[in-house]
Amino acid sequence: MPRRDAWEIGFHFESGDTQLNRFLLMGFRRHLFEIKDTLGESFEAEMWDKGWTKVYEVVPVEPYTAAHQAQIGQRMAQVITCLHPIFVDLRSQAARIKR
């Protein structure tokens with residue numbers, strides 16, 4: 001597979017528990033319209049490798065300038081602010097189901 005000159009920013013669910021990864025993916029997909037409204041149309045939620053899942057966007061690699069680092073840092077803060085409350089709620093639901 002060719003290397004692409006891009007990064008992914010978002011949540012990767014890499015638990016050994018495939019069912020938990022899928023549960024989180026389905027939960028985030030239920031919020032995908034809200035996520036896209038807040039973060040932009042570039043965000044996706046999908047299956048990945050080894051039973052893992054992810055909610056992410058692809059951003060092109062650029063030279064490591066101070067301005068670019070600040071831009072990526074700001075974007076990561078936006079992503080965390082949007083996705084973390086959804087994750088906390090879904091993880092709480094998952095914990096209740098596992099009891």
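Just so you know, all these numbers are worked out from the coordinates, no wet-lab data involved. Remember, it's a predicted structure, so these values are computed and weren't measured experimentally. All Cβ positions, even for glycine, are placed from backbone atoms using ideal geometry, and neighbour counts span all protein chains on display.
The residue list 33, 43, 28 contains one member that is under 20 Å from residue 78 (Cβ atoms), of a type outside the set (Gly, Ala, Ser) and touching a residue at least 60 places away in the same chain (Cβ under 8 Å), which is 28.
Okay, residues lined up against (1) charged (D, E, K, R); (2) under 12 Å from the mean Cα position of the chain (by Cα):
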residue: 26; (1), (2): no, no
residue: 30; (1), (2): yes, no
residue: 33; (1), (2): no, no
residue: 37; (1), (2): yes, no
residue: 48; (1), (2): no, yes
residue: 59; (1), (2): no, no
residue: 63; (1), (2): no, no
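Summed over the stretch 1-49, residues that are among the basic types (Lys, Arg) and touching a Phe, Trp or Tyr at 6+ places or on another chain (Cβ under 8 Å) total 1.
Within the stretch 13-24, the set of residues being among the aliphatic types (A, V, I, L, M) and within 14 Å of the chain's Cα centre (by Cα) comprises 24 only.
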